[in-house]
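J.: Below are the structure tokens for one structure; questions will follow.
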Amino acid sequence: MTSTSPERAALRPAARPRRRSGAGRAAANVFYVPALLVLGLFTAYPLVRGVILSFQQWNGFSPKTTFIGLDNYAQLFTDANFGTAMLNTFVYGIGSTLFQQIFGLGLALLLDSKLRGRNVFRAIIYLPVLVSPVIMGTMYYLLFQYNTGTLNDIVVAFGGERQAWLADAGTAVGVIVAVNSLQFIGVSMIIYLAGLQSIPVMYHEAAMLDGAGAWQRFLHITVPLLQPAFATSIVLNLIGGLKLFDVVQVMTGGGPGYSTNSVSTLIGKTYFDNQAAGYSSAMGVALFVVIALFTLVMNTLLNRSRLEEA
């Protein structure tokens, strides 16, 4: 019986990894089936069904529907309430996104430093994300109420007059943007914290040796290397703001009148109050297209920026 020396064994070519057989690949693909079924049942089917309903006139209850072609979509261009809701949707989406990026990045930079108790502050800032938007909206509704609201009680205590924070359309829209931003600012903070902690320390140390100040290091090291975090945070916040429903519904109900509605809340009003399921489906399809276009444009711009930085 011959023995193999360690030197000879080391010279042998490494064993090639075995290719997975067709049966093995088929067995692995079976695990995708439950996820595909859930995706098809709760996402693809409602989407297709909504598109079909958008070409019909239906009250949402009767088994009879009437095909009316593009009439529902034509009505969108003449409906003043839909125009107001779409404008508000842009304000909610873009306003919340800007607010969350600025303050989320600022908090991430602060809490990435050697601040005492930073883990506690991180938990406190992220905690509202775990709260239901309905509960959050109710809490702030009690804060901004005209007669018994805490904020007006403070104003009166300092000699001021009560303000109708939620009765004026402009003020109410601003309040909703602020409330939505404050609740989900923790999401941006966590994303930026992860991005900051992935930047090698040696880059900053080398820049400091070259005499670069804190602002120069931020502009030329931190910002370029945070491009993936910017892309993730902006897209997530933008999608969440554009489909905002809970806070609007709880705090103002879309009023006064239809002045603070988002497209999402207007869809609910149109379906249940006006029993116009076909028209509300057309609104839903329009909102889907808007969100898809915004997401596509933002991803394109952010990816192009990353390529230019590289």
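Read-outs throughout are calculated quantities, based only on the coordinates presented, and are distinct from any laboratory measurement. These numbers were taken from a predicted model, which means no experiment stands behind them. Using ideal geometry, Cβ is built from the backbone for each residue, glycine included, and neighbour counts are taken over all protein chains shown.
J.: Taking neighbour Cβ counts within 10 Å as the exposure measure, how do L182, L41 sort from fewest upward?
T.: Numbers: L182 17, L41 10.
Lowest to highest Cβ neighbour count: L41, L182.
J.: Related question: Quickly estimate the mean residue ellipticity at 222 nm for the chain, helices only: each DSSP H run with n ≥ 4 gives -39500 (n - 2.57), and the total goes over all residues, rounded to 500.
T.: So the calculated ellipticity at 222 nm is -21000 deg cm²/dmol.
J.: Right, something else. Expected output is a single nm value to one decimal: the length gained when fully extending between L301 and I102, i.e. 0.36 nm times separation in residues minus the C-alpha distance. What is it? Walk me through the numbers before you get to the answer.
T.: Numbers: separation 199, 0.36 × 199 = 71.64 nm, distance 1.85 nm.
Contour length minus the Cα-Cα distance gives 69.8 nm.
J.: Can you put T300, T97, T65 in order of Cβ neighbours within 10 angstrom, beginning with the fewest?
T.: T300, T65, T97
J.: Same structure, new question: On full extension of the chain, what length is gained from L209 through I94, given 0.36 nm per residue of separation minus the C-alpha to C-alpha distance?
T.: Numbers: separation 115, 0.36 × 115 = 41.40 nm, distance 3.96 nm.
Roughly 37.4 nm would be gained on extension.
J.: Moving to a separate point now. Let me see the P(r) profile for the range 217-289: every Cα-Cα distance counted, bins of 10 Å, each bin given as a percent of all pairs.
T.: 18, 35, 21, 14, 10, 2
J.: Given H placed on each backbone N at 1.01 Å, which residues far from Q56 in sequence or on other chains put an amide H within less than 5 Å of it?
T.: Placed amide hydrogens put I68 under 5 Å from Q56.
J.: Okay, next question. Using only Cα atoms, what is the ratio of the radius of gyration of the range 86-309 to 2.2 N^0.38 Å?
T.: 1.19
J.: Answer with one residue from Y192, G149, G83: the one whose Cα lies farthest towards the positive end of the charge dipole of the chain, charges on Cβ with Lys, Arg +1 and Asp, Glu -1.
T.: Y192
J.: What ranking do S259, S233 get, fewest neighbouring Cβ atoms within 10 angstrom at the top?
T.: Listing S259, S233 from fewest to most nearby Cβ atoms yields S259, S233.
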